[in-house]
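This report concerns only the one structure given below.
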Amino acid sequence: MADTASAPAPAWTLARVRLGAGGPLARLRVADGRITHVVPETGGDTDTGAGGGPVLDLDGRVLLPGLWDAHVHLAEWASARHRLDLAGTTSAREVADLVRARAGAADGTVLYGYGFRDGLWPDAPHKALLDAVLPDRPVALVSADLHAAWFNSACLALVGRADHPTGLIREHEAHEVLAALPATPAEVLDGWVEEACRAAAARGVTGVIDFQFGDTVADWERRSAQFRPAVRVLAAVYPSFLDAAIKRGLRTGDEIGSLVGVGPLKLFTDGSLNTRTALCRDPYPGLEGTDGAHGIEQTAPDELVRLMRRAAAHGIEPAVHAIGDRANTVALDAFEAVRCRGRIEHAQLLSPEDLPRFAELGVIAGVQPRHATDDRDVADRHWIGRTERAFAYGDLLAAGARLEFGSDAPVSPLDPWLAIASAVSRTDDERPAWHPEQRLAVPDALVAAARGRRLIRVGDPADLVVADTDPLDADPDTLRTMPVHATMTNGRWTHGPYS
């Protein structure tokens, strides 16, 4: 995507930088949004064709390809930053106590919360618990995986579901009821999104794939007319908007605004692990013999193939959500039938025979390493006996698959260094690594976090991050908190002392 803003990106010469993790000292020039010269640093006035523009001495800091978050829900993440934080809660009762403490005035506005994970709770979320602490103000709490919503009675009445027995609503119905709530005004939400993009740039992010539910293309066309985002954005298309995108002639990668382009078509095969709706070959413990014992099928295989074929015929690449092993087989079978480029999002539980199919079919594995450490206990309970093939990043890489890291924000924070650290260490607490055989080496994790960019080369877009610490010298704690000195997107500083 080119930058369509009228003012050209300025020229810069970056002196005394380490070219990549563990790399040599070099000097490079950036002009018009691209890298134009890369030469060894000799300590003299090396000619980089600067022809004007400032020379920045970066004092031996490490220069890396710009990082991407290849799976975010940007408006959800931006909103979650302003909502009651439920992360780390260990019971429904604890959540109710947090709601009580945050109650505020009963003025009819919705009290939103985000981030609960009930897969290991000793008690069940129920509207009665919320009614007891806040009966008069609508309460809407969204699960960390975005696949469930927990409402009190006032909120259920607000969306026309007063007769719902429990107030805990999952999957498609959850998306429907959340969409029925009063919307945050567009101007407020857009301001939050702009702020969230700047925060992402501060962590070295130069691009995101935005899988926000809704008409994401239209939302970003509106935003790009108001501001230049601090990161590149690829805006996903959902099936209900596919016909409109085809009618407009939109294709994946087409520019629709400054630093904003069209992303993939988002499709679903199943649900999630925490809600026990991921589609699996084996039943979930305790659910044997029930209708949902193996999870749910969100899209029938024939319909999946039809939608993928229609999108691919018009230049829109599919991105297929698949978490359970059965769901991943269904998704790979669809790619084999259609023979198109695309992605599988999450790929959390895989059958061994499916591992080589990613490379054979040219399907990108869009994975979220922080989920492996966040969900290890839930996986140990609900995927017992199968976790050696869960979040199998080492096996995927060994089988030739291309990995691209994301956060699924707000499911985990929009911070690529957390993904890198989780992929490298397979733990985020004092416990030993969980299935250490699936760990990645730091260089491989950096490539996955940069959407496949391994080197900094002449002609590449000037999407760069300057780190104060060489990742090869960093322990997992340092990787998680990596000090980012500066970030550049399309030749413009978006974070740091030069922006």
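The values are calculated or read from the model by the stated rules, or taken from the named source; none is laboratory data. In this text the structure is predicted, and so the values were computed from the model without any measurement. For neighbour counting, all protein chains shown are included, and Cβ atoms are generated from backbone atoms with ideal geometry for every residue, glycine included. All accessible areas refer to the heavy atoms of the entire protein, side chains included, with ligands and DNA or RNA removed. Shrake-Rupley method; radii C 1.70, N 1.55, O 1.52, S 1.80 Å.
Things to note:
- When the criteria are applied in full, Arg222 fails the requirement of being touching a Ser or Thr at 6+ places or on another chain (Cβ under 7 Å) and open to solvent by 10 Å² or more (accessible area, probe 1.4 Å).
- A single member of Leu141, Leu129 is assigned to a helix (DSSP H, G or I) and either free of Cβ contacts under 8 Å to residues at least 60 places away in the same chain or more than 22 Å from Asp375 (Cβ to Cβ) (or both), and it is Leu129.
- Hey, Gly204 within 30 Å of His495 (Cα to Cα) and either touching a residue at least 12 places away in the same chain (Cβ under 8 Å) or out of contact with any Phe, Trp or Tyr (no Cβ under 7 Å at 6 or more places or on another chain) (or both) or not: yes
- Contact map, the stretch 337-365: residues that are under 18 Å from Trp383 (Cβ atoms) paired with residues that are open to solvent by 50 Å² or more (accessible area, probe 1.4 Å), Cβ distance under 6 Å, separation 6+ or inter-chain. Pairs shown: Leu355/Asp395.
- Single residue of the stretch 1-46 satisfying the filter (part of a loop (DSSP other than H, G, I, E, B) and of a type in the set (A, V, I, L, M, F, W, C)) that is modelled with the lowest pLDDT: Ala2
- Checking Pro413 against (1) of a type outside the set (Phe, Trp, Tyr); (2) open to solvent by 40 Å² or more (accessible area, probe 1.4 Å); (3) modelled with pLDDT under 95, the condition it does not meet: (3)
Listed here are the residues, each with its yes/no results for (1) out of contact with any Cys (no Cβ under 7 Å at 6 or more places or on another chain); (2) over 21 Å from Pro413 (Cα atoms); (3) of a type in the set (Asp, Glu).
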| site | (1), (2), (3) |
| --- | --- |
| Arg453 | yes, yes, no |
| Ala462 | yes, yes, no |
| Asp470 | yes, yes, yes |
| Val484 | yes, no, no |
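- Residue check, Ile420 within 16 Å of the chain's Cα centre (by Cα) and of a type in the set (Val, Ile, Thr): yes
- Near pairs, Cβ below 7 angstrom, 6+ apart or cross-chain, from the stretch 388-401 (under 13 Å from Val367 (Cα atoms)) to any residue that is open to solvent by 40 Å² or more (accessible area, probe 1.4 Å) and in a loop (DSSP other than H, G, I, E, B): Gly394/Arg439
- In the stretch 300-333, residue nearest to Ser272 (Cα to Cα) [restricted to those that are in contact (Cβ under 8 Å) with a residue 60 or more places away in the chain and not in a helix (DSSP H, G or I)]: Ala319
- If you go through the stretch 72-102 and keep only what is closer than 22 Å to Gly119 by Cβ, of a type in the set (Lys, Arg) and not in a helix (DSSP H, G or I), you end up with just Arg83.
- For the stretch 157-183, a residue qualifies if it is surrounded by 17 or more Cβ atoms within 10 Å (Cβ to Cβ), touching a residue at least 60 places away in the same chain (Cβ under 8 Å) and outside any strand (DSSP E or B), and exactly one does: Glu171.
- Some residue of the stretch 458-480 being acidic (Asp, Glu) and closer than 28 Å to Phe211 by Cα: yes
- Within the stretch 213-252, tally of residues that are assigned to a helix (DSSP H, G or I) and not aromatic (Phe, Trp, Tyr): 17
- Selection of the stretch 358-411 for residues being charged (D, E, K, R) and part of a strand (DSSP E or B) yields only Glu404.
- Within the stretch 112-140, tally of residues that are open to solvent by less than 40 Å² (accessible area, probe 1.4 Å), within 25 Å of Val378 (Cα to Cα) and among the aliphatic types (A, V, I, L, M): 3
- Any hit, the stretch 249-259, residues being under 23 Å from Leu146 (Cβ atoms), at pLDDT 95 or above and open to solvent by less than 10 Å² (accessible area, probe 1.4 Å): no
- Filter result for Trp150 (assigned to a loop (DSSP other than H, G, I, E, B), out of contact with any His (no Cβ under 6 Å at 6 or more places or on another chain), open to solvent by less than 50 Å² (accessible area, probe 1.4 Å) and on the phi < 0 side of the Ramachandran plot): no
- For the stretch 347-372, the candidate set comprises residues that are open to solvent by less than 10 Å² (accessible area, probe 1.4 Å) and β-branched (Val, Ile, Thr); within that set, the residue that is nearest to the chain's Cα centre (by Cα) is Val367.
- The stretch 417-444, residues that are in contact with a Lys or Arg (Cβ under 6 Å, 6 or more places away or on another chain), crowded, with 24+ Cβ neighbours inside 10 Å and among the small types (Gly, Ala, Ser): Ala419, Ala421, Ser422
- For Asp473, the requirement of being farther than 25 Å from Pro283 by Cα, modelled with pLDDT of 95 or more and among the acidic types (Asp, Glu) is met.
- Summed over the stretch 262-299, residues that are open to solvent by 20 Å² or more (accessible area, probe 1.4 Å) and free of Cβ contacts under 8 Å to residues at least 12 places away in the same chain total 7.
- Screening Glu437 against (1) over 21 Å from the mean Cα position of the chain (by Cα); (2) free of Cβ contacts under 8 Å to residues at least 60 places away in the same chain; (3) in a loop (DSSP other than H, G, I, E, B) leaves a single unmet condition, (3).
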